[in-house]
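Some notes on the structure that comes next.
The values are calculated or read from the model by the stated rules, or taken from the named source; none is laboratory data. Please read all numbers here as calculations on a predicted model, not as lab measurements. Neighbour counts are summed over all protein chains in view; Cβ atoms, including those assigned to glycine, are modelled from backbone coordinates with ideal geometry.
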Amino acid sequence: MAEIDRISDIIEEVSPHYKKRKKMNLDSVPVEDHQLVYDSSSETLEPVYFWILDFSNKLFSGNVQKLVDNFASSPGSGHFSELGMRATRMQEEGMKILGAVNTVLKSIINLIYDLKEFEIRISHYKAFHSKNKEEADAGLLALKQIWMDNVDVKRGRGSINMMAQDLNFVTLRDAFMIVKSLEEINKTDLNDRVKRILKPRLKEFLEWRKRSEIELKKRFEIEKNYLKSQVSSLQLYTRWAKPYLIAAEKLRMQEKGREPAIINVFNTVLLELTLLAKGEIDVKDAAENHDLPEDFKKLKLKRKYYNCVLIDFVFRGIPQRISAQQSHYVFGGRVEVNFKGYCLNEDELALLDERLGESDIQDALKLIEGTTTDSLEQLKDDIDYFLKSEEEKEKQEKEVSEDVNPFSALLGIGKKKPEEKDKEKAKEKAHKLKLKAKGVAEDTYVESVIRKYGEEKAGSSCYDIFDIYKKGHGMPSPPTGPYE
């Protein structure tokens, strides 16, 4: 099936208006449908394509987008082998850079986990320095536990835990957790043996607490800076990899196993290009020109309508080089250009884009996006958190603490409003999901009048592109159009 037929089927499926036209067995579901066939072994596709593209850009104020760009070469042609070599080269370069991307990504994940561990440790020091006595005591006990588990444990049987367990110093551990200074040891009710063991251990802990806090904060800052450099490196590598992967994907040929135009040992190429040109219908201007009822000037429509022309190129040619030194191929052959006119509203166009995204037309580009740009999405919050300054963190924590009222959370009031861009994106996403689930709403009476006017404009634009191209190239054409 040609790509224009598939896109036409999608339009007929997503649009209630054109679905009805199809059920009514109309000869042409689009309001206008023309075909131009041009066969010349000496002339190439480029002049045909760019003349129609440039004229459509002028007619629709540059609002022309490419929907399909496919090609296939016969396996026995030189064009097939040369493009295959180019694609392989792009793939190899892209995969080399992706190997570096994976290495840096693993490093980032490890750094994030390390920074989380450091932040937990630093929180104990912050608690120890707190003016709240209970919080300060909790922080000191946590630090003493860490010191016993990580520093003192290296003494083996001489550690506080092992002496309390194996050598019956049952009061040693509790005494160490209770005392806060060397002076307090002399005031406690302990025997001299325990005091002699406890004093050097406490002195060592107090020294460790001061030094470890300084070193831990220094290490935390170093790893934060390293995380920043790794994130920058990853962004740089992904920017390097993306062009290679996209180029490799664009050089990938489409499967045309049963296409009769592609013969394995022939020197042939098949190209498919589809353009969508659209222009917004200005209801107020049309009402002032008496193309629509005058009362329509005051209307506020819920959705916009567009006159659209779908242009499809199917080119079958023979790739050849003018000289052996030339690296580029020229294609002479047969081109079929199909023009179809529609009037679609913005909901139908949004659903058309969604359906095209689900099809295999853009699957490969989505895979590239996932490989090169979505890798950090799951880690984005952690990365942003650690790369923020302390002032930004405190401001964020303050905003969160100000919104702990259970009634405001229950009623949904008092919360900070999202930014306008985020709100628009969320609204657009919700609207697309609604369209996907329920489909496009049918036209109201007013919208049906506007669509009828839009179809006349679409039909006129479609015929103009077709007719003016023929006249501009000396081809037979009617002296006047069907709307005159």
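Taking the stretch 21-47 as the region of interest, how many residues are more than 17 Å from residue 309 (Cα to Cα) and at pLDDT 80 or above? Here the count works out to 5. Here residue 229 fulfils each of the conditions (1) hydroxyl-bearing (Ser, Thr, Tyr); (2) buried (at least 17 other Cβ atoms within 10 Å of the Cβ); (3) without any contact (Cβ under 8 Å) to a residue 24 or more places away in the chain apart from (2).
If you go through the stretch 93-111, how many residues are in contact with a Phe, Trp or Tyr (Cβ under 7 Å, 6 or more places away or on another chain) and among the aliphatic types (A, V, I, L, M)? Full working, then the answer.
Let us first name the residues in the stretch 93-111 that are in contact with a Phe, Trp or Tyr (Cβ under 7 Å, 6 or more places away or on another chain), namely 93-94, 97, 100-101, 104, 111.
Subset that is among the aliphatic types (A, V, I, L, M): 97, 100-101, 104, 111.
Qualifying residue count for the region: 5.
The set of residues from the stretch 184-212 being surrounded by 13 or more Cβ atoms within 10 Å (Cβ to Cβ) and assigned to a loop (DSSP other than H, G, I, E, B) comprises 188, 190. The criterion of at least 1 residues that are of a type in the set (D, E, K, R) and touching a Ser or Thr at 6+ places or on another chain (Cβ under 7 Å) is met by none of the helices (runs of 4 or more DSSP H) wholly inside the stretch 91-183. Residue check: residue 215 meets all listed conditions (1) of a type outside the set (Gly, Ala, Ser); (2) crowded, with 16+ Cβ neighbours inside 10 Å; (3) closer than 30 Å to residue 175 by Cβ but one, namely (2). Counting only residues that are free of Cβ contacts under 8 Å to residues at least 24 places away in the same chain and among the polar types (S, T, N, Q), the stretch 58-87 holds 1 of them.
Across the stretch 45-61, not a single residue is classified as more than 23 Å from residue 353 (Cβ to Cβ), surrounded by 17 or more Cβ atoms within 10 Å (Cβ to Cβ) and in contact with a Lys or Arg (Cβ under 8 Å, 6 or more places away or on another chain).
Restrict the check to the stretch 191-209 and report whether at least one residue is within 30 Å of residue 386 (Cα to Cα), of a type in the set (Val, Ile, Thr) and modelled with pLDDT of 80 or more.
Here is the first cut: in the stretch 191-209, the ones within 30 Å of residue 386 (Cα to Cα) are 205-209.
Right, trim to of a type in the set (Val, Ile, Thr) and you get none.
Checked against the condition, which is being within 30 Å of residue 386 (Cα to Cα), of a type in the set (Val, Ile, Thr) and modelled with pLDDT of 80 or more, the stretch 191-209 yields no hits at all.
Here is the figure for the stretch 356-383: residues that are surrounded by 15 or more Cβ atoms within 10 Å (Cβ to Cβ) and either of a type in the set (Val, Ile, Thr) or at pLDDT 80 or above (or both) total 5. Being more than 20 Å from residue 128 (Cβ to Cβ) and touching a Phe, Trp or Tyr at 6+ places or on another chain (Cβ under 7 Å) is the requirement here; does residue 250 meet it? So residue 250 fails the test.
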